[in-house]
Amino acid sequence: MSLNILALGCSLNEKQLAAISAAHDDLQIQVCKTSEAKAYIADADVLLAWGQTDLAPLLPLAQKLKWVHALSAGVENMLCPEFVNADIILTNSRGIHGIPIAEHVIGIMLGVNRGLFKAFEQQKNKQWKSLRETDEIYEKSIAIIGLGSIGRAIAKRAKSMGMTVTATKHKLTTELFVDALYPPTDLTAAIGSADFIVVTLPLTGETKNLFTLPVFQKMKSSAYFINVSRGPVVNEADLATALEQNIIGGAALDVFVEEPLPATSPLWNVPHLLITPHSAAVSPHYMDRSLKIFTENLSHFSQENDMINVIDKNKGY
(Lines give C-alpha, C1' and ligand atoms only; values in the text may rest on other atoms or scores of the structure.)
Protein backbone atom coordinates (compact mmCIF):
# COMPACT_ATOMS: atom_id res chain seq x y z
CA MET A 1 0.00 0.00 0.00
CA SER A 2 1.45 3.33 -1.08
CA LEU A 3 1.17 6.15 1.45
CA ASN A 4 1.50 9.91 1.18
CA ILE A 5 2.55 11.54 4.45
CA LEU A 6 2.12 15.26 4.98
CA ALA A 7 4.19 16.76 7.83
CA LEU A 8 3.07 20.21 8.95
CA GLY A 9 5.05 22.82 10.81
CA CYS A 10 7.97 20.59 11.75
CA SER A 11 11.55 20.52 10.57
CA LEU A 12 12.71 16.95 9.91
CA ASN A 13 16.38 16.18 9.41
CA GLU A 14 17.75 13.48 7.11
CA LYS A 15 18.02 10.94 9.91
CA GLN A 16 14.40 11.46 10.91
CA LEU A 17 13.17 11.27 7.32
CA ALA A 18 15.12 8.06 6.84
CA ALA A 19 13.56 6.56 9.99
CA ILE A 20 10.06 7.31 8.67
CA SER A 21 10.89 5.86 5.25
CA ALA A 22 12.29 2.68 6.82
CA ALA A 23 8.96 1.98 8.52
CA HIS A 24 7.11 1.47 5.20
CA ASP A 25 8.10 0.11 1.81
CA ASP A 26 6.30 2.65 -0.35
CA LEU A 27 5.72 6.17 0.88
CA GLN A 28 6.20 9.81 -0.03
CA ILE A 29 6.84 12.51 2.59
CA GLN A 30 5.89 16.12 2.01
CA VAL A 31 7.03 18.66 4.61
CA CYS A 32 5.52 22.13 4.57
CA LYS A 33 4.46 25.05 6.73
CA THR A 34 1.04 24.81 8.35
CA SER A 35 -0.04 27.83 6.29
CA GLU A 36 0.72 25.83 3.10
CA ALA A 37 -1.28 22.74 4.12
CA LYS A 38 -4.21 23.33 1.75
CA ALA A 39 -1.89 22.92 -1.23
CA TYR A 40 -0.97 19.36 -0.23
CA ILE A 41 -3.70 17.94 2.01
CA ALA A 42 -5.77 16.46 -0.85
CA ASP A 43 -3.09 13.83 -1.54
CA ALA A 44 -2.38 12.99 2.10
CA ASP A 45 -3.17 9.58 3.55
CA VAL A 46 -1.42 10.42 6.81
CA LEU A 47 -1.03 13.79 8.53
CA LEU A 48 1.79 14.53 10.98
CA ALA A 49 1.10 17.76 12.84
CA TRP A 50 1.22 19.54 16.18
CA GLY A 51 -1.79 19.12 18.46
CA GLN A 52 -2.75 22.79 18.25
CA THR A 53 -3.39 22.50 14.50
CA ASP A 54 -6.90 23.56 13.45
CA LEU A 55 -8.09 20.76 11.17
CA ALA A 56 -11.50 22.28 10.36
CA PRO A 57 -10.41 24.16 7.19
CA LEU A 58 -8.40 21.15 5.95
CA LEU A 59 -10.93 18.34 6.32
CA PRO A 60 -13.16 19.25 3.33
CA LEU A 61 -10.05 18.90 1.13
CA ALA A 62 -8.68 15.79 2.87
CA GLN A 63 -10.67 13.10 1.09
CA LYS A 64 -7.90 10.47 1.36
CA LEU A 65 -6.94 11.14 4.97
CA LYS A 66 -6.99 8.01 7.13
CA TRP A 67 -4.79 8.88 10.12
CA VAL A 68 -3.56 11.94 12.00
CA HIS A 69 -0.63 11.76 14.41
CA ALA A 70 -0.14 14.64 16.85
CA LEU A 71 3.47 15.45 17.66
CA SER A 72 2.29 16.61 21.08
CA ALA A 73 0.25 14.95 23.82
CA GLY A 74 -2.52 17.55 23.74
CA VAL A 75 -4.96 17.27 20.85
CA GLU A 76 -7.87 19.45 22.00
CA ASN A 77 -7.44 22.04 19.22
CA MET A 78 -7.77 19.30 16.61
CA LEU A 79 -11.11 18.05 17.88
CA CYS A 80 -13.54 20.01 15.76
CA PRO A 81 -16.93 18.26 15.28
CA GLU A 82 -16.08 17.32 11.69
CA PHE A 83 -12.95 15.49 12.80
CA VAL A 84 -14.53 13.85 15.83
CA ASN A 85 -17.26 12.39 13.59
CA ALA A 86 -14.92 11.40 10.77
CA ASP A 87 -13.61 7.86 10.34
CA ILE A 88 -10.01 9.03 10.75
CA ILE A 89 -7.64 7.57 13.35
CA LEU A 90 -6.02 10.01 15.78
CA THR A 91 -2.88 9.16 17.75
CA ASN A 92 -0.67 11.36 19.89
CA SER A 93 2.81 11.49 21.42
CA ARG A 94 1.78 10.68 24.97
CA GLY A 95 4.62 9.16 26.99
CA ILE A 96 7.56 11.18 25.66
CA HIS A 97 7.28 14.18 27.96
CA GLY A 98 7.99 12.57 31.31
CA ILE A 99 11.74 13.21 31.55
CA PRO A 100 11.88 16.95 30.72
CA ILE A 101 8.65 17.86 32.54
CA ALA A 102 9.65 15.92 35.65
CA GLU A 103 13.02 17.69 35.68
CA HIS A 104 11.21 21.02 35.20
CA VAL A 105 8.97 20.35 38.21
CA ILE A 106 11.85 19.15 40.40
CA GLY A 107 13.81 22.25 39.37
CA ILE A 108 10.98 24.54 40.45
CA MET A 109 10.58 22.79 43.81
CA LEU A 110 14.32 22.99 44.48
CA GLY A 111 14.46 26.60 43.30
CA VAL A 112 11.64 27.56 45.65
CA ASN A 113 12.81 25.68 48.71
CA ARG A 114 16.52 26.43 48.32
CA GLY A 115 15.83 30.13 47.70
CA LEU A 116 17.48 30.12 44.28
CA PHE A 117 14.92 32.42 42.63
CA LYS A 118 15.17 34.90 45.50
CA ALA A 119 18.98 34.74 45.36
CA PHE A 120 18.94 35.57 41.66
CA GLU A 121 16.77 38.63 42.28
CA GLN A 122 19.17 39.75 44.99
CA GLN A 123 22.12 39.23 42.66
CA LYS A 124 20.60 41.51 40.03
CA ASN A 125 20.36 44.23 42.71
CA LYS A 126 23.86 43.47 44.07
CA GLN A 127 22.39 42.55 47.44
CA TRP A 128 24.08 40.21 49.94
CA LYS A 129 21.28 39.01 52.20
CA SER A 130 21.03 35.74 54.08
CA LEU A 131 18.35 33.38 52.75
CA ARG A 132 17.00 32.49 56.18
CA GLU A 133 13.81 30.90 54.87
CA THR A 134 15.69 28.29 52.82
CA ASP A 135 14.23 24.81 53.28
CA GLU A 136 14.52 21.23 51.99
CA ILE A 137 12.14 19.20 49.87
CA TYR A 138 13.20 16.09 51.81
CA GLU A 139 10.13 14.79 53.71
CA LYS A 140 7.90 17.39 52.05
CA SER A 141 4.69 16.16 50.41
CA ILE A 142 3.66 16.41 46.77
CA ALA A 143 0.20 15.84 45.28
CA ILE A 144 0.21 14.89 41.60
CA ILE A 145 -3.18 15.57 40.05
CA GLY A 146 -3.53 13.21 37.08
CA LEU A 147 -1.21 10.23 37.39
CA GLY A 148 -0.36 9.41 33.79
CA SER A 149 3.07 8.87 32.28
CA ILE A 150 4.21 12.41 33.18
CA GLY A 151 2.83 12.13 36.69
CA ARG A 152 4.63 8.82 37.23
CA ALA A 153 7.93 10.33 36.08
CA ILE A 154 7.48 13.14 38.61
CA ALA A 155 6.44 10.69 41.35
CA LYS A 156 9.52 8.53 40.77
CA ARG A 157 11.90 11.46 41.12
CA ALA A 158 10.06 13.02 44.05
CA LYS A 159 10.04 9.71 45.92
CA SER A 160 13.76 9.23 45.29
CA MET A 161 14.33 12.60 47.00
CA GLY A 162 12.51 11.52 50.13
CA MET A 163 9.13 13.14 49.49
CA THR A 164 5.72 11.76 50.39
CA VAL A 165 3.71 11.31 47.19
CA THR A 166 -0.07 11.38 46.80
CA ALA A 167 -1.88 11.39 43.48
CA THR A 168 -5.25 11.20 41.74
CA LYS A 169 -6.16 8.71 39.04
CA HIS A 170 -9.43 7.44 37.57
CA LYS A 171 -8.48 3.78 37.94
CA LEU A 172 -6.99 3.01 41.33
CA THR A 173 -3.96 0.79 40.77
CA THR A 174 -0.89 -0.21 42.73
CA GLU A 175 1.74 2.46 42.06
CA LEU A 176 5.35 1.87 43.06
CA PHE A 177 6.23 5.49 43.85
CA VAL A 178 2.91 6.70 45.25
CA ASP A 179 2.06 6.56 48.97
CA ALA A 180 -1.65 7.33 48.61
CA LEU A 181 -3.83 7.25 45.50
CA TYR A 182 -7.26 8.92 45.26
CA PRO A 183 -10.00 9.04 42.63
CA PRO A 184 -10.57 12.47 41.03
CA THR A 185 -13.67 12.90 43.19
CA ASP A 186 -11.40 13.00 46.26
CA LEU A 187 -9.36 15.97 45.04
CA THR A 188 -9.64 17.73 48.39
CA ALA A 189 -8.19 14.74 50.23
CA ALA A 190 -5.26 14.60 47.80
CA ILE A 191 -4.32 18.27 48.06
CA GLY A 192 -5.26 19.13 51.66
CA SER A 193 -1.91 18.42 53.29
CA ALA A 194 0.41 18.75 50.28
CA ASP A 195 3.34 21.15 50.23
CA PHE A 196 3.40 21.05 46.42
CA ILE A 197 0.44 20.45 44.09
CA VAL A 198 1.41 19.53 40.53
CA VAL A 199 -1.19 19.32 37.76
CA THR A 200 -0.57 16.86 34.91
CA LEU A 201 -4.14 16.46 33.59
CA PRO A 202 -5.43 16.38 30.02
CA LEU A 203 -7.88 19.12 29.07
CA THR A 204 -11.40 17.68 28.94
CA GLY A 205 -14.88 18.84 29.86
CA GLU A 206 -14.28 17.30 33.27
CA THR A 207 -10.98 19.07 33.94
CA LYS A 208 -11.63 22.50 32.41
CA ASN A 209 -11.71 25.19 35.10
CA LEU A 210 -11.09 22.54 37.75
CA PHE A 211 -8.88 24.73 39.93
CA THR A 212 -10.95 27.62 41.22
CA LEU A 213 -10.77 29.75 44.36
CA PRO A 214 -12.70 27.25 46.54
CA VAL A 215 -10.14 24.57 45.58
CA PHE A 216 -7.18 26.83 46.36
CA GLN A 217 -8.81 27.54 49.74
CA LYS A 218 -8.60 23.80 50.51
CA MET A 219 -4.80 23.91 50.20
CA LYS A 220 -2.30 24.75 52.93
CA SER A 221 -1.50 28.44 53.17
CA SER A 222 2.13 27.56 52.42
CA ALA A 223 1.29 25.27 49.46
CA TYR A 224 3.02 25.82 46.12
CA PHE A 225 0.91 25.15 43.00
CA ILE A 226 2.49 24.05 39.69
CA ASN A 227 0.60 23.60 36.40
CA VAL A 228 2.40 21.84 33.53
CA SER A 229 -0.71 20.43 31.87
CA ARG A 230 -3.15 22.76 30.08
CA GLY A 231 -3.93 26.40 30.81
CA PRO A 232 -7.75 26.17 30.95
CA VAL A 233 -7.54 23.58 33.75
CA VAL A 234 -6.92 26.57 36.04
CA ASN A 235 -9.10 29.62 36.58
CA GLU A 236 -6.32 32.16 36.21
CA ALA A 237 -8.22 35.01 37.89
CA ASP A 238 -8.93 32.81 40.91
CA LEU A 239 -5.28 31.77 41.12
CA ALA A 240 -4.25 35.42 41.04
CA THR A 241 -6.65 36.11 43.91
CA ALA A 242 -5.28 33.17 45.88
CA LEU A 243 -1.75 34.52 45.50
CA GLU A 244 -2.59 38.17 46.14
CA GLN A 245 -4.52 37.27 49.31
CA ASN A 246 -1.85 34.80 50.50
CA ILE A 247 -4.33 31.93 50.41
CA ILE A 248 -1.48 29.78 49.02
CA GLY A 249 2.25 30.35 49.21
CA GLY A 250 3.16 30.52 45.53
CA ALA A 251 2.65 29.12 42.05
CA ALA A 252 4.38 28.32 38.79
CA LEU A 253 2.55 28.23 35.47
CA ASP A 254 4.01 26.81 32.26
CA VAL A 255 0.67 26.83 30.39
CA PHE A 256 -1.99 29.48 29.96
CA VAL A 257 -5.50 30.01 28.64
CA GLU A 258 -4.08 32.32 25.97
CA GLU A 259 -0.66 31.65 24.49
CA PRO A 260 1.60 33.46 23.98
CA LEU A 261 0.67 35.20 27.23
CA PRO A 262 -0.18 38.80 26.20
CA ALA A 263 1.94 41.61 27.57
CA THR A 264 -1.32 43.07 28.90
CA SER A 265 -2.10 40.01 31.03
CA PRO A 266 -2.39 40.82 34.75
CA LEU A 267 -0.60 37.56 35.50
CA TRP A 268 2.77 39.19 34.78
CA ASN A 269 2.38 41.29 37.93
CA VAL A 270 0.91 38.71 40.30
CA PRO A 271 3.12 38.22 43.38
CA HIS A 272 4.77 34.87 44.08
CA LEU A 273 4.03 33.60 40.54
CA LEU A 274 6.73 32.07 38.31
CA ILE A 275 5.93 32.15 34.58
CA THR A 276 7.63 29.92 32.01
CA PRO A 277 6.66 30.04 28.30
CA HIS A 278 5.19 26.54 27.77
CA SER A 279 8.70 25.16 27.89
CA ALA A 280 8.48 22.33 30.44
CA ALA A 281 8.54 19.67 27.72
CA VAL A 282 11.25 21.29 25.60
CA SER A 283 14.14 18.92 24.94
CA PRO A 284 16.66 18.32 22.14
CA HIS A 285 15.34 14.74 22.11
CA TYR A 286 11.68 15.71 21.67
CA MET A 287 11.22 15.13 17.95
CA ASP A 288 13.13 11.84 17.92
CA ARG A 289 10.95 10.52 20.74
CA SER A 290 7.74 11.61 19.04
CA LEU A 291 8.77 10.13 15.71
CA LYS A 292 9.64 6.83 17.41
CA ILE A 293 5.96 6.49 18.33
CA PHE A 294 4.91 7.61 14.87
CA THR A 295 7.16 5.16 13.03
CA GLU A 296 6.08 2.29 15.28
CA ASN A 297 2.48 3.14 14.52
CA LEU A 298 3.31 3.47 10.84
CA SER A 299 4.41 -0.17 10.81
CA HIS A 300 1.22 -1.22 12.60
CA PHE A 301 -0.92 0.95 10.33
CA SER A 302 0.40 -0.54 7.11
CA GLN A 303 -0.04 -4.07 8.49
CA GLU A 304 -3.47 -3.25 9.92
CA ASN A 305 -2.32 -4.22 13.41
CA ASP A 306 -3.13 -2.47 16.69
CA MET A 307 -1.69 1.03 17.06
CA ILE A 308 -0.56 2.68 20.28
CA ASN A 309 -1.70 6.00 21.75
CA VAL A 310 -4.99 5.93 19.86
CA ILE A 311 -7.20 8.80 21.05
CA ASP A 312 -10.89 8.43 21.80
CA LYS A 313 -11.92 11.58 19.98
CA ASN A 314 -15.14 11.88 21.96
CA LYS A 315 -13.24 11.90 25.27
CA GLY A 316 -10.24 13.87 24.03
CA TYR A 317 -7.62 11.44 25.38
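The values are calculated or read from the model by the stated rules, or taken from the named source; none is laboratory data. Because the structure is a prediction, the values reported are computed rather than measured. In this analysis, Cβ positions are derived from the backbone assuming ideal geometry, glycine residues included, and neighbour counts consider all displayed protein chains.
Annotations
- Residue 259 touching a residue at least 12 places away in the same chain (Cβ under 8 Å) and either in a helix (DSSP H, G or I) or in the same structural domain as residue 15 (by TED's automatic domain parsing) (or both): no
- Number of positions in the range 109-136 that are β-branched (Val, Ile, Thr) and touching a Phe, Trp or Tyr at 6+ places or on another chain (Cβ under 8 Å): 1
- Within the range 263-301, the residues that satisfy the criterion of being out of contact with any Leu (no Cβ under 7 Å at 6 or more places or on another chain), farther than 30 Å from residue 245 by Cα and among the hydroxyl-bearing types (Ser, Thr, Tyr) are 283, 286, 295, 299.
- The range 201-219 residues that are within 10 Å of residue 317 (Cβ to Cβ), paired with ones that are loosely packed, with under 15 Cβ neighbours inside 10 Å (beta carbon under 8 Å, 6 or more apart): 204/315
- Those strands (runs of 3 or more DSSP E) of the range 65-167 in which 3 or more residues are crowded, with 18+ Cβ neighbours inside 10 Å and within 18 Å of the chain's Cα centre (by Cα) occupy 141-145.
- When 141, 149, 160 are screened for being of a type in the set (S, T, N, Q) and under 17 Å from residue 317 (Cβ atoms), only 149 passes.
- Scanning the range 210-228 for any residue that is part of a strand (DSSP E or B) and either touching a Ser or Thr at 6+ places or on another chain (Cβ under 7 Å) or surrounded by fewer than 20 Cβ atoms within 10 Å (Cβ to Cβ) (or both) turns up nothing.
- One residue alone among 272, 278 is at positive phi, surrounded by 15 or more Cβ atoms within 10 Å (Cβ to Cβ) and more than 19 Å from the chain's Cα centre (by Cα), and that residue is 272.
- Selection of first residues in the range 121-135 that are on the phi > 0 side of the Ramachandran plot and of second residues that are modelled with pLDDT under 95, restricted to Cβ pairs under 9 Å at least 6 apart or on distinct chains, gives an empty result.
- In the range 158-177, the residues that are touching a Gly at 6+ places or on another chain (Cβ under 9 Å) and hydrophobic (A, V, I, L, M, F, W, C): 167
- Residue satisfying condition, being within 27 Å of residue 202 (Cβ to Cβ) and in contact (Cβ under 8 Å) with a residue 12 or more places away in the chain, within set 22, 44: 44
- Restricting attention to the range 281-308 and to residues that are assigned to a loop (DSSP other than H, G, I, E, B) and within 15 Å of the chain's Cα centre (by Cα), the residue that is nearest to residue 199 (Cα to Cα) turns out to be 281.
- Tallying residues that are under 21 Å from residue 207 (Cβ atoms) and surrounded by fewer than 12 Cβ atoms within 10 Å (Cβ to Cβ) within the range 239-268 yields 2.
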